[in-house]
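Visitor: Please read through the structure below; I'll follow up with questions.
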Amino acid sequence: MTGSINPAAAKRLWSIPWDAGFVTAVSFLGSPRKLAAGNEHGDILLWDLPEQPGNEVPPPRRLLKGHINFVTALAVTPDGRWLISASYDHTVRLWDLSAEAEGNVAVVMEPKQKAQQRAGRKPGEKPPPVQVEQQIEASVRTAHGDWVRGMSLNGDGTRLLTGDERGLAVLWDIPGGKELRRWQVPGWLQGVALSRDAKQMATCEFATRYALFKNAAKLWDPATGEMKADLSQPCPRAACAGFSPDGTLVATGMGGEWEPARVCIIDVATGKKLRELPGHKHGVHSILFHPDGKHLLTSGRDTCVRIWQIADGKQVGVLGQPRGGQSSDFIYALSLAPDDVTLATADMGGLVEVWSLAG
Amino acid sequence: MNSSCKPVEHLSRRAFLKGLVGTAGGVLANWGGLCSSAAVADAARKQGKRCILLWMAGGASHLDTFDMKPGRAVGGPFRPIATSVPGTQICEYLPHIARQTQHLAIIRSMCTPEPGHAAGTYLMHTGYRSELGTRHPEIGAVLAKYLGNPTADLPGFIQIDTDGGESSPIAGSGFLGPAYQPFRLGHGGGLPENTQPYLAADSNQRRLGLLDKLEQGFAAEHKAVEIDSYRAAHEKSVRLLRAKGAFDLSAEWPKYRDLYGDTPFGKNCLLARRLVEAGVPFVEVGQHNYDSHEDNFEWHKALLPALDLGWSGLIQDLHDRGLLQDTLIVWMGEVGRTPWINNRVGRDHWVKAWTTVLAGGGIKGGVIYGASNADAVEVRDNPVSERDFFATIYTALGINPNAENMAGVRPVFLTPKGSKAIAELLA
């Protein structure tokens, strides 16, 4: 059931500090009350959020320990059982969320000076750790030989697309983890997208500057492996992409610190650009079509989530505000809960935030 | 006096003082060196040493190359790998250099006073901080003077692709004068288009002879530094054209493409090898865009593979030709980068603890010298100043860093007073 959103009345429900490192990925776990987030050190934390928002910040429940580098993406199967993570450590890991924990471990949520000052601690005084359950992954996929930057799961959670910075894209069967097909492109794959029915896929080869390849965006047929359209012209410097729920549109976002960073909406059937959405001051990191098919959510380097009306390209809502300076903290990732109105953001500044878009 | 000294060097301090040209409130440099300097040059030249500087314009991140801090919050996403020297690790994106580490002396304790690009570039090309009224010579000019053959057709000081905005070296030959000015090549390393003669060789020669005759007469009647400078520059150009085959990579490139890497930097490294092999005492090769205030890791990940192959190919090629023992390779930029990762995933400038690398001629390989502290915020052991760094380079090349040259009326050492070569780094 699709919940309707009211961007103008959106409100923040939770602001969860986790400044042990950049928060780089986020995903709801089959419920608006269950949340996962990953950080630059490879840690993934799970939270159970209370029914009602309150002043007290909910503590994490479980630490998923396995990655040893930047977690770039999180996705969960619709039944909420399998969490899938991608990382700079070249691996894709599957976590069985129905599995029992394997002991407890202490984690420090706010070791940075700002948080210590907020808590009235003296410099150098360590904040108290939080005891959480610990879990290791059910399986590790090692097809990639470089940073796995892009990951996309289809609608029923049976197909997964991953892409790395050696230009390898892999289509997987989930949850078995069998490799179904692979593609090789010349550039670094920073963004990949799989349509809900897994019949379309998009890749974004992108480097901010100085790499020895041309930035490119392409549409592919996952069944045949053939390229259907080269979107590099209409979507310059695309670093991320997402498909509309019906698979007829694909949106791409410019990466890096380009000004302005535009979002392009493309007609999949023709490969033509329908609309261009300026607004993000710098690069775009995450693109998410709302299940209502009418709205698009984007986030990026200007510390904002922007909500767009697809029909006319109008920006109808902004969550957060630029913090000043040049791209002060990225919003790395977005995740929409199954109720379609609860949104989570991964804020590089050391925050996981949860918003209600219902107003 | 030593007979190999050039006339301009046969000048006493008194002669210099007498020969100064006063201008409106200023003093023209006398382009001279002291005689002790000529003796130093004679001694140095006999050793036949050469130097190639790999200039990392903008300042490469030491934490993401040669002084990694795995497991620390400042460490970043790059991972260390083992090298040919047991116990020494460097960045995973320098795998070919890792196999040549037995030739490297890695200085992890540079501590310098200039955090800005322009001032840092001046400092790390001259060994001196910029001062009003004195333009110090770049290392290339010093080596051209002390190691170069004055009668050679090729210039003694060549810079390839060093135009990097504020990170561009600009001091040139400084007070050593126009004879040691750099010959600069652009990004592709090729000679300028106007180096193609439009006359047949014999016609060209006749024309040059006529020009020379006319200019001799003019110069005899009009004594001026500017005329001598112009004639010197023109003569250098003519000689350069005679030797321009050294710049032509077309025959060698197919054979060496894989070794040096098929990148502009790789090509320029091969050109540097050809030039030092042809007798050029100093060649500088630039690699740009290390000023990674944003997306530090992506930038370095994009740049390091070209550096890795170009540099390692250069070491290997020089080694295979028996030239490495006489060719010092210097790897450095003007600054290091902050341990802290900023909110653009960048690293800013940092000079309190950073890294440079020496390899080859006169240097002990397989050495780590000095150390930064746990987060590379400060030097923990054996701090190395720019002056000691330059003194080490000059000493490795057989040049006494205390040799003096005149800057106007003032004698100036090659490296600032009190500089000391680092004995542990010298072979």
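The values are calculated or read from the model by the stated rules, or taken from the named source; none is laboratory data. Since the structure is predicted, the reported quantities are computational estimates derived from the model, not experimental observations. Methodologically, a virtual Cβ is constructed for each residue, glycine included, from the backbone with ideal geometry; neighbour enumeration extends over all protein chains shown.
Visitor: Go through the stretch B:348-357 and give me each residue that's away from every other protein chain (no Cβ under 14 Å) and within 30 Å of A:A346 (Cα to Cα).
Guide: Within the stretch B:348-357, B:H349, B:W350 meet the criteria.
Visitor: Tally the residues that are out of contact with any strand residue (DSSP E or B) (no Cβ under 8 Å at 6 or more places or on another chain) and within 14 Å of chain B (Cβ to nearest Cβ), restricting the search to the stretch A:295-312.
Guide: 0
Visitor: Inspect all residues belonging to the stretch B:314-337 and state whether any of them is within 14 Å of chain A (Cβ to nearest Cβ), surrounded by 24 or more Cβ atoms within 10 Å (Cβ to Cβ), out of contact with any Cys (no Cβ under 6 Å at 6 or more places or on another chain) and within 17 Å of B:E252 (Cβ to Cβ).
Guide: No, because not a single residue in the stretch B:314-337 is within 14 Å of chain A (Cβ to nearest Cβ), surrounded by 24 or more Cβ atoms within 10 Å (Cβ to Cβ), out of contact with any Cys (no Cβ under 6 Å at 6 or more places or on another chain) and within 17 Å of B:E252 (Cβ to Cβ).
Visitor: Run down A:I174, A:I136 and say which single residue is surrounded by fewer than 23 Cβ atoms within 10 Å (Cβ to Cβ), more than 20 Å from the chain's Cα centre (by Cα) and closer than 30 Å to A:G103 by Cβ.
Guide: It is A:I136.
Visitor: On to the next question. From the list B:L185, B:L176, B:L208, pick out the single residue that is farther than 30 Å from B:S292 by Cβ, in contact with a strand residue (DSSP E or B) (Cβ under 7 Å, 6 or more places away or on another chain) and surrounded by 15 or more Cβ atoms within 10 Å (Cβ to Cβ).
Guide: Selected residue: B:L176, the only one of B:L185, B:L176, B:L208 that is farther than 30 Å from B:S292 by Cβ, in contact with a strand residue (DSSP E or B) (Cβ under 7 Å, 6 or more places away or on another chain) and surrounded by 15 or more Cβ atoms within 10 Å (Cβ to Cβ).
Visitor: Select from the stretch A:131-182 the residues that are farther than 18 Å from A:A73 by Cβ, of a type in the set (A, V, I, L, M) and not in a strand (DSSP E or B) and list them in ascending order.
Guide: A:I136 - this is the single residue of the stretch A:131-182 that is farther than 18 Å from A:A73 by Cβ, of a type in the set (A, V, I, L, M) and not in a strand (DSSP E or B).
Visitor: Same structure, new question: Do you know which residues across the stretch B:84-137 are closer than 23 Å to B:H300 by Cα and hydroxyl-bearing (S, T, Y)?
Guide: Scanning the stretch B:84-137 gives B:S84, B:T88, B:Y93, B:T101, B:S109, B:T112, B:T121.
Visitor: Still on this model: Restricting to the stretch B:274-300, and then to whatever is without any contact (Cβ under 8 Å) to a residue 60 or more places away in the chain and more than 11 Å from every other protein chain (Cβ to nearest Cβ), can you tell me which residue is farthest from B:G189 (Cα to Cα)?
Guide: Of all residues in the stretch B:274-300, those without any contact (Cβ under 8 Å) to a residue 60 or more places away in the chain come to B:274, B:277, B:293-295, B:298-299.
Now drop any that are not more than 11 Å from every other protein chain (Cβ to nearest Cβ), which leaves B:274, B:277.
On the way: B:R274: 12, B:E277: 16 Å.
Only one residue fits best here, namely B:E277.
Visitor: Please tell me if A:G350 is out of contact with any strand residue (DSSP E or B) (no Cβ under 7 Å at 6 or more places or on another chain) and within 14 Å of another protein chain (Cβ to nearest Cβ).
Guide: So A:G350 fails the test.
Visitor: What about A:S27, is it crowded, with 24+ Cβ neighbours inside 10 Å and of a type in the set (S, T, Y)? Talk me through it step by step, then tell me what you get.
Guide: Numbers: crowded, with 24+ Cβ neighbours inside 10 Å: yes; of a type in the set (S, T, Y): yes.
The answer is yes for A:S27.
Visitor: Would you kindly identify the strands (runs of 3 or more DSSP E) lying entirely within the stretch A:218-327 that contain at least 2 residues that are surrounded by 15 or more Cβ atoms within 10 Å (Cβ to Cβ) and in contact with a Gly (Cβ under 8 Å, 6 or more places away or on another chain)?
Guide: Once the strands (runs of 3 or more DSSP E) in the stretch A:218-327 are filtered for at least 2 residues that are surrounded by 15 or more Cβ atoms within 10 Å (Cβ to Cβ) and in contact with a Gly (Cβ under 8 Å, 6 or more places away or on another chain), what remains is A:227-230, A:238-243, A:249-254, A:261-267, A:273-280, A:284-289, A:295-300, A:305-309.
Visitor: Quick check on my filter: what residues within the stretch A:243-294 are within 14 Å of chain B (Cβ to nearest Cβ) and of a type in the set (G, A, S)?
Guide: Result: A:G255, A:G256, A:A261, A:G283.
Visitor: Would you mind stating whether B:L259 is away from chain A (no Cβ under 14 Å), farther than 18 Å from B:F157 by Cα, in contact with a helix residue (DSSP H, G or I) (Cβ under 7 Å, 6 or more places away or on another chain) and not in a helix (DSSP H, G or I)? Steps first, answer last, please.
Guide: Values: away from chain A (no Cβ under 14 Å): yes; farther than 18 Å from B:F157 by Cα: yes; in contact with a helix residue (DSSP H, G or I) (Cβ under 7 Å, 6 or more places away or on another chain): yes; not in a helix (DSSP H, G or I): no.
Criteria not met by B:L259.
Visitor: Now, a different point. Would you confirm, using the coordinates I've provided, whether B:R184 is within 30 Å of B:T263 (Cα to Cα) and either acidic (D, E) or not in a loop (DSSP other than H, G, I, E, B) (or both)?
Guide: Judged against the criteria, B:R184 is a match.
Visitor: Identify the residue in the stretch B:228-251 that is surrounded by 15 or more Cβ atoms within 10 Å (Cβ to Cβ) and either over 25 Å from the mean Cα position of the chain (by Cα) or not in a helix (DSSP H, G or I) (or both) and, among all such residues, is nearest to the other protein chains (Cβ to nearest Cβ).
Guide: Checked the stretch B:228-251; the qualifying residue nearest to the other protein chains (Cβ to nearest Cβ) is B:L249.
Visitor: All but one of (1) within 21 Å of A:A73 (Cα to Cα); (2) more than 14 Å from every other protein chain (Cβ to nearest Cβ); (3) of a type outside the set (G, A, S) hold for A:D329; state the number of the condition that does not hold.
Guide: Unmet for A:D329, out of (1) within 21 Å of A:A73 (Cα to Cα); (2) more than 14 Å from every other protein chain (Cβ to nearest Cβ); (3) of a type outside the set (G, A, S): (2).
Visitor: Which strands (runs of 3 or more DSSP E) sit wholly inside the stretch B:379-427 and have at least 2 residues that are buried (at least 18 other Cβ atoms within 10 Å of the Cβ)?
Guide: Passing ranges, in order: B:404-407, B:410-413.
Visitor: Moving on to the next point. Any idea which residue in the stretch A:9-30 is nearest to the chain's Cα centre (by Cα), counting only those that are within 14 Å of chain B (Cβ to nearest Cβ) and assigned to a loop (DSSP other than H, G, I, E, B)?
Guide: Looking at the filtered set, the residue picked out is A:F22.
Visitor: Inspect all residues belonging to the stretch A:155-171 and state whether any of them is within 13 Å of chain B (Cβ to nearest Cβ), in contact (Cβ under 8 Å) with a residue 40 or more places away in the chain and touching a Gly at 6+ places or on another chain (Cβ under 9 Å).
Guide: yes
Visitor: Mind checking which residues of the stretch B:347-369 are at pLDDT 95 or above and farther than 18 Å from B:T83 by Cα? Give the steps one after another, and end with the answer.
Guide: Applying the first criterion (at pLDDT 95 or above) to the stretch B:347-369 yields B:347-360, B:363-369.
The answer is B:R347, B:D348, B:H349, B:W350, B:V351, B:K352, B:A353, B:W354, B:I363.
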